[in-house]
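I have placed the structure first, in the form of C-alpha cells, so that the comments after it can refer back to it.
The values are calculated or read from the model by the stated rules, or taken from the named source; none is laboratory data. Just so you know, these numbers come straight off a predicted model, no measurement behind them. Reconstructed Cβ throughout: ideal geometry from the backbone, glycine too, with neighbour counts over all protein chains shown. The accessibility values were calculated without ligands, DNA or RNA, using every heavy atom of the protein model including side chains. Shrake-Rupley method; radii C 1.70, N 1.55, O 1.52, S 1.80 Å.
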Amino acid sequence: MTTNPPLDVETALRAEMVLCGRLLYERGLVVAGDGNLSARLPDDTILITPAGLAKGMLTVDDLLVIDLDGRLVRGAPGRQPSSERYLHLFVYRHRPDIMACIHAHPPTAVGATLAGFSLAEPLLPEALIALGPIPTAPYALTGTTEMGAAIEPFVADHEAILLAYHGAVTYGTTLLQAFHRMEQIEHCARTLLAAHLFGGARPLPPERLAELQEVRRAFRAAGRI
C-alpha cells in the first residue's frame, strides 16, 4: 500500500493564510487593504501578507517571506511586505511558542478604544476562558517599531490585545486559532455594547469569576486554548 507524501508546510500555510484573509474580510474585521497576517516557517523565517492588497482577495502567490529583521527574503516582483511587520516580529521574538499572528480592525472593539471603554473587565464567561482579560495597548504610530513597545507589557501573558485608536492583534499556534481569537474580540465587544444599551453589564459574583479563572488555567496548561 502506498501513502501520500506529507504536504509541504509552507504550501499548507499559504493556503491557510489566504483562507483566514478571506474570513477576516467576510466577517468585516478588515476592509479594503487593511490588516495583515503572518506565520512562522520551520526555518524561522516569516510568511506574511503584502502591503496594500485586500486580504479577502489574496492568492497564495501574493504572500511574501521575510526574515526576523523584516527584510524581504522572497516574493513576487513588485510586492512589499506589510508595513506593520514589526508588530508581528515583536510577537515572534518575545513568544517562541507563537506560530501565527493577525492584525485586524474589528470595528466595535476599535470603537470601544475610541470611547475609552476597556474590555479587560472579565464579564463574559466564554471570553474569559478563551481570551482572558483583553488589555488595551496605548496608541502607537502604525508601521513603526513603536507598536512593539506599546504591546510589550502584555505580550507574555495575553494572546489578544486591543490597540488604542487602531485595531487589535491576536496570535496563537495556528492561523485559524489567531483568527478565532480576533473573531471573539469583536463578538465580545458587540455583546458588551448590547449590554450597555440595555442599561449596563452586571459582573459575575467573585466566587464564580474565580471558578472561571481556574478553568482557564487548566485549559491553558492542557493546551486547549
Whole-Hz couplings from phi, Karplus 6.51/-1.76/1.60, listed for segment 162-168; x for Gly and Pro: 7, 10, 3, 6, 9, x, 8
Relative contact order [Cα under 8 Å, 6+ residues apart], segment 63-112, whole percent: 24
Mean Kyte hydropathy of 0.0 or more with a Cα span along the axis of at least 27 Å, helices from DSSP in the chain: 175-197
Those residues of segment 50-77 whose amide nitrogen sits under 12 Å from the label point placed on V9, 7 Å along Cα→Cβ: none
Candidates per trypsin sites (Lys or Arg not before Pro) in segment 26-85, loop by DSSP, up to 14 other Cβ within 10 Å: R71
Computed over segment 1-102, Kirkwood Rh from alpha-carbon pairs, angstrom: 13.9
Mean separation of Cα contacts under 8 Å, 6 or more apart, over the residue count of segment 87-144: relative contact order %: 27
Whole-percent carbon and sulfur share, accessible surface of segment 128-182, 1.4 Å: 63
Segment 154-169-segment 182-199 distance, computed between alpha-carbon centres (Å): 17
Gyration tensor (alpha-carbon) shape descriptor, segment 163-225, a/c threshold 1.5: oblate
Spacing of the two label points (7 Å from each Cα toward its C-beta) at V65 and T144, in nm: 3.3
Segment 1-152, relative contact order [Cα under 8 Å, separation at least 6], %: 20
Accessible surface, the chain, averaged per residue in Å² (probe 1.4 Å): 50
Loop sites in segment 184-225: trypsin sites (Lys or Arg not before Pro), DSSP, at most 13 other Cβ within 10 Å: R224
Antiparallel content of DSSP bridges confined to the chain, in %, to 5: 90
